[in-house]
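For reference, the structure is listed below as structure tokens.
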Number of protein chains: 2
Amino acid sequence: MAKNLSPDRILQLGFGFWATKTLLTAIELGLYTELARKPMSAEEVTKHFQFHPRSVRDFLDALVALGMLRRNGTKYDNTPETAAFLDRSKPSYMGGMLEMCSRRLYKFWNDLPDGLRTGKPQNEAKTGGNLFEAIYKDPELVRGFLSGMTGLSIGAAQAIAKKFPWKKYKTFVDVGAAQGALPVQVALAHRHLIGAGYDLPVVEPIFMDYVRSFKLQDRLRFHQGDFFKDPIPGADVIVMGHILHDWNLEEKRMLIQKVHAALPKGGAFVAFDAVIDDDRKKNAFGLLMSLNMLIETTGGFDYTGADCRGWMKDAGFRQTRVVPLVGPDAMVIGIK
Amino acid sequence: MAKNLSPDRILQLGFGFWATKTLLTAIELGLYTELARKPMSAEEVTKHFQFHPRSVRDFLDALVALGMLRRNGTKYDNTPETAAFLDRSKPSYMGGMLEMCSRRLYKFWNDLPDGLRTGKPQNEAKTGGNLFEAIYKDPELVRGFLSGMTGLSIGAAQAIAKKFPWKKYKTFVDVGAAQGALPVQVALAHRHLIGAGYDLPVVEPIFMDYVRSFKLQDRLRFHQGDFFKDPIPGADVIVMGHILHDWNLEEKRMLIQKVHAALPKGGAFVAFDAVIDDDRKKNAFGLLMSLNMLIETTGGFDYTGADCRGWMKDAGFRQTRVVPLVGPDAMVIGIK
């Protein structure tokens with residue numbers, strides 16, 4: 001063994017679930033929401049959450065050491081980040097997806113070895129269910145899932161509002177719009193645009209609530225539909241964010257073809273996801289997201305920019321390019 | 001929401017279980033051990049491990065992006081670190097503890113909310129078992145556990161061999177010696193010392209194998225015993241590494257008292273653990289280790305340097321001090 005090698009990175013990654021599950025537990029139990037009302041001592045936290053006194057201070061102080069809480073004297077309080085993003089009473093709450101991680105995904109990922117052996121999902125599907133059916137049946141779950149998706153998409157949506165040449169276009173549709181993070185950010189930044197969200201009927205009231213909270217209901221409307229059964233509504237620009245990766249190759253190609261059919265000549269398709277670097281060596285989050293598609297879907301996978309540009313060209317798009325957004329996300333643009 | 005706040009750190013920590021479980025799966029399945037024999041293509045990995053083809057490249061490329069594999073052309077290979085520390089056929093293997101994380105602890109930590117509410121362990125104890133009994137009954141598990149402990153202790157053991165004033169002393173005993181990482185490192189660095197490991201009888205052959213592999217059997221012997229029932233053998237220096245944190249306060253005090261009784265005047269007690277900083281705001285690993293004691297034990301907890309110095313003083317030690325070792329570990333020294 002070379003003397004200058006250290007196992008530190010291996011140990012840090014291997015024991016990483018301790019820190020992750022500690023944070024997810026705090027989110028799941030609503031600790032940040034309570035602390036946003038008022039800072040609390042360990043005794044107050046114990047009482048409010050009906051904890052056993054044994055490990056409360058370890059739990060809270062571990063969150064302090066992780067930068068996920070602050071302690072002043074004996075009182076625990078939010079950091080600026082946890083106050084902004086993990087307080088359920090704020091519109092900027094993005095813990096919905098992390099609550100799902102705590103309640104569902106963390107344990108499903110324990111079966112990654114089974115997933116690798118079988119190629120089959122390791123979530124509710126194992127007992128005959130289906131992720132999207134399970135979520136879309138339950139209005140509470142839908143709301144949590146959709147606001148969670150907003151948390152995951154808002155950074156990319158803001159970057160797309162800035163980086164895509166919206167001045168050239170008049171109308172857009174966001175396919176699989178969820179709560180409407182992208183339509184809202186784009187409409188806020190470009191007052192000449194008329195847009196729409198397209199999603200399953202159950203999404204409409206949640207989308208419209210969100211749109212109205214930004215007073216954008218005059219320029220943003222909702223189209224009900226199922227992109228497997230129905231045509232995609234036409235517009236100058238069609239966006240799909242965190243959608244293509246859910247589906248297998250045949251389904252991906254079918255969706256891209258439908259988008260192509262719905263666009264006018266010169267129209268643009270903007271697909272965004274955690275697009276993997278073409279050499280598949282750098283975007284760890286994108287590659288792990290693709291493994292998450294193994295856990296969660298029957299055929300979904302994430303893809304490189306080159307993969308997506310190839311599918312777009314095969315569907316008839318004249319020009320394609322990849323534009324990095326924020327963090328692991330990028331958009332692939334296809335011009336008809 | 002302040003404009004310059006970013007949810008990146010929250011998301012990175014919250015989704016951290018994806019990367020962790022991917023690494024743990026590779027260790028559990030023996031991928032690093034196979035790749036140490038020869039680099040393999042994705043197809044060879046698929047065949048050897050009987051994987052479904054769907055997600056093999058995502059799994060392997062995610063490990064590449066995490067710095068936990070290398071890919072040259074189509075062949076996947078170990079990094080220098082994974083070759084040194086995650087190949088089961090090398091004595092420097094330290095995956096034993098991480099295999100336990102993958103097979104046991106990852107899923108037990110899913111019940112952290114229950115642990116916080118009840119103050120009770122969330123491992124085999126939930127169904128009537130006991131961690132140490134379960135491990136110590138099964139010779140295979142014992143060997144994996146003990147070599148895992150070596151992986152976790154070897155850095156601290158090397159630091160103690162350097163930083164403790166061993167020249168002043170002639171004999172030492174490591175109480176709860178496990179495989180013998182500490183006695184071996186100390187004996188290698190200081191040829192004048194005569195030492196011993198003290199642990200349960202089942203540990204003896206594993207300890208002696210390890211000691212003989214360093215040709216130290218003339219200076220290191222083994223004492224069988226149970227530190228709850230039997231006296232601790234006397235020596236100039238008594239060491240306890242990653243032991244005190246397993247037990248409740250009363251048990252901790254009893255063990256410290258037993259050590260005090262076994263030392264001569266001027267003798268030294270060296271306790272090492274992931275000692276928490278006195279302000280309990282920095283050593284995240286130590287605080288999370290203490291939560292791990294909630295998951296794994298009925299009363300164990302990690303402690304600050306000030307806590308331990310106080311218990312040592314109460315037991316009659318004249319002088320005490322805390323000396324940082326490597327990473328999150330520190331030693332607390334008490335002089336009788």
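The values are calculated or read from the model by the stated rules, or taken from the named source; none is laboratory data. Everything quoted here is computed from the prediction, not taken from an experiment. Backbone-built Cβ (ideal geometry, glycine too); neighbour counts: all protein chains shown. These area figures cover heavy atoms from the full protein model, side chains too; ligands, DNA and RNA do not enter into them. Shrake-Rupley method; radii C 1.70, N 1.55, O 1.52, S 1.80 Å.
Going 7 Å from the Cα of residue A:326 toward and past its Cβ, which residues in the stretch A:117-161 have a backbone nitrogen under 19 Å from where you end up? Zone members listed by number: A:146-161. For residue A:48 and residue B:249, a Förster radius of 35 Å and the Cβ-Cβ distance give a FRET efficiency of 0.85, rounded to the nearest 0.05. When both bridge partners sit in chain B, DSSP labels roughly 45% of those beta bridges antiparallel.
Let me test this: with uniform point scatterers at the alpha carbons of the stretch B:46-104, what is the Debye-based log₁₀ I(q)/I(0) at q = 0.19, 0.24 1/Å? Per q value, in the given order, log10 I(q)/I(0) is -0.86, -1.16.
The label-point distance for residue A:261 and residue A:118, in a model that sets each label 7 Å from Cα toward Cβ, rounds to 3.5 nm. For the protein assembly as shown, DSSP calls about 45 percent of its internal beta bridges antiparallel.
Here the Kirkwood formula, the inverse mean of 1/r across different C-alpha pairs, assigns the stretch A:228-336 a hydrodynamic radius of 13.8 Å. Computed with a 1.4 angstrom probe on protein heavy atoms, the A-B interface buries about 7600 square angstrom of accessible area in total.
Separation of the alpha carbons by more than 27 angstrom is noted, of A:21/A:47; A:170/A:336; A:90/A:282; A:137/A:281; B:137/B:252; B:170/B:313, for A:90/A:282; A:137/A:281.
Would you work out the charge dipole size for the stretch B:150-245 about its Cα centre, treating the Cβ of every Lys and Arg as +1 and the Cβ of every Asp and Glu as -1, and quote it to the nearest 20 debye?
560 debye
Packing-based ranking of B:189-198, B:95-104 yields B:95-104, B:189-198, ordered from highest to lowest mean Cβ neighbour count within 10 Å. The residues of the stretch A:68-106 occluded by other protein chains by 50 Å² or more of accessible area, set against the chain on its own, are A:68, A:71, A:85, A:98, A:106; surface from heavy atoms, 1.4 Å probe.
Averaging the sequence gap over all C-alpha pairs within less than 8 Å and six or more residues apart, then dividing by the number of residues, gives the stretch A:296-336 a relative contact order of 34 percent.
Full extension of the segment from residue B:189 to residue B:88, taken as 0.36 nm per residue of separation minus the current Cα-Cα distance, would add 33.8 nm.
Ligands, DNA and RNA left out, the 1.4 Å accessible surface of chain A is 53% carbon and sulfur atoms.
More than 15 Å apart: what percent of Cα pairs in the stretch A:14-91 qualify?
Numbers: 1559 of 3003 pairs.
Tail fraction, whole percent: 52.
If you wrap the Cα atoms of chain A in a convex hull and average its projected area over all directions, you get 20.6 nm².
Label-point distances for residue B:228 to the equivalent site in the other copies, using a point 7 angstrom along Cα→C-beta, read 5.6 nm when ranked shortest first.
Can you give the average number of partner chain beta-carbon atoms within 10 Å of each beta-carbon in peptide A:50-56, as a whole number? If you can, show how the numbers build up before the last one.
Numbers: counts 2, 6, 8, 1, 11, 11, 2.
Across A:50-56, the average partner-chain Cβ count within 10 Å equals 6.
Here each label is just a point 7 Å from Cα along the line to Cβ, and for residue B:77 and residue A:103 those points are 4.8 nm apart.
For the stretch A:116-156, rounded, prolate or oblate, judged on the Cα gyration tensor with a ≥ b ≥ c (square roots of eigenvalues), a/c < 1.5 rounded, else prolate if a/b > b/c?
Working: a/c = 4.66, a/b = 1.51, b/c = 3.09.
It is oblate, given that a/c is not under 1.5 and a/b is not larger than b/c.
Taking the Cα centre of the protein assembly as shown as origin, work out the dipole magnitude from +1 charges on Lys and Arg Cβ and -1 charges on Asp and Glu Cβ, in debye rounded to 20. Walk me through the numbers on the way to the answer.
On the way: 88 positive and 74 negative charges, 354 e Å.
For the protein assembly as shown, the charge dipole is close to 1700 debye.
Ordering of A:272-285, A:34-47 by packing is A:272-285, A:34-47, highest average first (other Cβ atoms within 10 Å, averaged per residue).
Cross-link reach is defined here as a Cα-Cα straight distance under 12 Å, omitting same-chain residues fewer than 8 places apart; for residue B:126 the aspartates and glutamates meeting it are B:111, B:114, B:296.
List the distances, in nm to one decimal, from the label point of residue B:188 to the label points of the same position in every other copy, shortest first, placing each label point 7 Å from Cα along the Cα-to-Cβ direction. Values, ascending and in nm: 5.8. FRET efficiency for the residue B:8 to residue A:134 pair, using the beta carbon distance and R₀ = 25 Å, is estimated at 0.30.
Taken about its Cα centre, the stretch A:1-47 carries a charge dipole of about 160 debye when Lys and Arg each add +1 at the Cβ and Asp and Glu each add -1 at the Cβ.
Using a 7 Å projection from Cα along Cα-to-Cβ, the label point at residue A:170 is separated from the same position in the remaining copies by 9.9 nm, smallest value first. Taking label points 7 Å from Cα along the Cα-to-Cβ direction, residue B:230 and residue A:38 give a separation of 5.7 nm. Shape analysis of the stretch A:151-246 places it in the rounded category; the axes a ≥ b ≥ c from the Cα gyration tensor give an a/c below 1.5.
Applying Stokes-Einstein at 20 °C and 1.002 mPa s to the Kirkwood radius of the protein assembly as shown, computed over alpha-carbon pairs, gives a translational diffusion coefficient of 79 µm² s⁻¹.
Excluding same-chain neighbours fewer than eight residues apart, the aspartates and glutamates reachable from residue B:229 by a Cα-Cα span under 20 Å are B:133, B:174, B:199, B:204, B:246, B:250, B:251.
Assign one of three labels to the stretch A:190-241, namely rounded, prolate or oblate, based on the Cα gyration tensor with a ≥ b ≥ c the square roots of its eigenvalues; rounded applies when a/c is under 1.5, prolate when it is not and a/b is larger than b/c, and oblate otherwise. It is oblate, given that a/c is not under 1.5 and a/b is not larger than b/c.
Using a 1.4 angstrom probe, figure out how much accessible area chain A has per residue, in square angstrom, rounded to the nearest whole. List each step's numbers first, then the result.
Values: 13740 Å² over 336 residues.
Value for chain A: 41 Å² per residue.
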